[in-house]
1. How about region 24-38: which of its residues are assigned to a loop (DSSP other than H, G, I, E, B), more than 12 Å from the chain's Cα centre (by Cα) and at pLDDT 60 or above?
2. Search region 39-58 for residues being without any contact (Cβ under 8 Å) to a residue 12 or more places away in the chain and part of a strand (DSSP E or B), and hand back the single one that is farthest from residue 10 (Cα to Cα).
């Protein structure tokens, strides 16, 4: 498991993480968004598959 991005504000935090244990049929990769709500003492996990990555010129 590795952390791609992490942010903490007051008692709340959010992280984008990935691992080669999360697998879907998508060839571009999978990741999870983990959100902790410190007010409610709850943590939410959403799993996504990246379906494209395009460069957009300035």
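The values are calculated or read from the model by the stated rules, or taken from the named source; none is laboratory data. What you see is a predicted model, and the numbers here were worked out from it, not measured in a lab. Here the Cβ is made from the backbone with ideal geometry for all residues, glycine too, and neighbour counts use every protein chain on show.
1. 24, 25, 38
2. Result: 44.
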